[in-house]
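Working notes, structure below.
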Amino acid sequence: MANETAPHEISTQVMLNDIKQIIEQARTQVKQTVNSAMVIAYWQIGHLIVEDEQQGKNRAQYGKAQLKMLSSQLTQEFGKGFDITNLRNMRRFYLAFEKRETLSLELSWSHYNVLARIDNINARLWYMQEAAQQHWSVRALERQIGTLYYERLISSKDKAPVENEAAINTQALTETAQDYLRDPYILDFLNLQDKSYQENELEQGIINNLQQFLLELGKGFAFVERQKRIRFDDEDFYIDLVFYNFKLKCFLLIDLKIGKLKHQDIGQMDTYIRLYDDQYISEDDNPTIGLVLCSEKSEAVVKYSILSEQKQLFAAKYLAHLPTEEELRIELQKERAQVQAQIAQQLSSASKENDE
């Protein structure tokens with residue numbers, strides 16, 4: 001009888017399961033609401049862009065200029081979800097699905113971004129219907145398109161083996177409501193990207209000062225981008241600062257952490273370097289290097305991250321054109337103190353205004 005479960009434990013487990021179900025249902029409802037609004041809005045925007053182009057005298061030239069102007073103004077007001085690439089995607093989305101009633105609102109914008117690239121209209125509509133009916137994730141949809149599922153199915157006399165293979169392909173590629181809400185397209189649409197991924201006020205202040213410090217060193221640094229997004233296997237990573245050094249002909253990636261330096265921080269930077277080298281450098285560029293900065297209350301730690309196969313190049317050539325780790329450590333401590341003083345002053349001023 002020792003293995004019997006007490007009645008109160010059963011009751012607690014039942015309640016826990018009920019709460020979990022409520023949370024999952026709520027997340028699913030949020031997903032469906034955001035998804036429907038996003039797909040319809042982007043279809044309507046694509047429609048307006050195409051209509052506007054058709055009224056222009058020179059469609060290609062006129063459309064390009066209009067998109068650039070629209071992107072600049074929309075990005076300033078609504079965030080990076082409306083960059084010129086995404087506006088082009090909305091235009092292509094509308095052209096691929098000109099009849100709004102054919103859209104399945106069970107599919108996400110990421111699904112439609114994939115579907116709109118399919119030239120064969122019959123295949124496009126078939127993949128859309130199957131993705132909705134079979135609840136395929138975006139990765140599952142990409143897998144089926146990549147294996148020519150539609151083409152093999154219509155050309156096969158015995159369809160069962162093809163369908164069984166497709167079912168196996170999608171089993172390990174499911175998507176939860178939580179995964180969906182982490183989708184950067186969703187965050188962009190809701191203008192939550194900066195709030196979700198950018199660092200806090202202290203970190204941003206340090207990054208501002210560090211950016212200026214490197215540009216003023218006179219060692220060939222040119223600013224490239226902040227919060228650089230790189231994607232790998234449907235996962236997004238964000239790099240705080242990216243510079244290019246014209247004397248070294250290489251990129252410098254900088255990642256700032258508020259807290260102690262951890263072993264995984266260096267490993268993460270190594271991953272950034274490999275991804276950046278794979279996706280962005282040219283043939284005449286030297287290998288990318290990384291810089292991990294950890295700013296604590298009492299001290300600062302700075303470490304260059306160099307892939308093992310590049311250490312000899314770094315020692316022989318790079319060091320002469322880079323600030324030393326000690327120089328950066330001193331600068332980082334100074335910047336932290338300066339930014340903290342500025343924040344304290346702002347808080348003090350705000351408090352005085354409230355008192356008045």
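Backbone geometry of the range 239-256 corresponds, through the Karplus equation with coefficients 6.51, -1.76 and 1.60 at θ = phi - 60°, to 3J(HN,Hα) couplings of 9, 4, 9, 10, 10, 10, 9, 6, 6, 8, 6, 8, 8, 10, 9, 10, 10, 9 Hz, x marking Gly and Pro.
Relative intensity of the range 82-128 on a log10 scale, I(q)/I(0) at q = 0.14, 0.19, 0.21, 0.32 Å⁻¹, equals -0.30, -0.56, -0.68, -1.39, per a Debye sum over C-alpha point scatterers of equal strength in the absence of solvent. Pairs over the 31 Å Cα-Cα cut-off, from the set 68/317; 262/317; 68/260; 31/64: 68/317; 68/260; 31/64.
Peptide packing for 151-157, 323-329, 251-257 was compared via the average number of neighbouring C-beta atoms within 10 Å per residue; ordered from the highest value, the list is 251-257, 323-329, 151-157.
Residues in the range 21-35 carry Karplus couplings, in order, of 5, 4, 5, 4, 5, 5, 5, 5, 5, 4, 4, 5, 5, 4, 4 Hz; the curve used is 6.51 cos²θ - 1.76 cosθ + 1.60 with θ = phi - 60°, and Gly or Pro positions show x. Computed over neighbours whose Cβ is under 12 Å from that of residue 212, the net charge equals -3, Lys and Arg +1, Asp and Glu -1. The residues neighbouring residue 84, those whose beta-carbon lies less than 10 Å from its own, together hold a net charge of +2 under the Lys/Arg +1, Asp/Glu -1 convention.
In this structure, the residue pairs whose Cα-Cα separation is over 21 Å, taken from 257/334; 80/247; 228/334, are 80/247; 228/334. Between residue 160 and residue 271, the distance separating the two model label sites (each 7 Å from Cα on the Cα→Cβ line) works out to 4.3 nm.
Values quoted throughout were computed directly from the atomic coordinates according to the rules given, and no laboratory measurement underlies them. The model shown is predicted, which means the values in this text are computed figures rather than measured ones. Note that we place each Cβ from the backbone using ideal geometry, even for glycine, and neighbour counts take in every protein chain shown.
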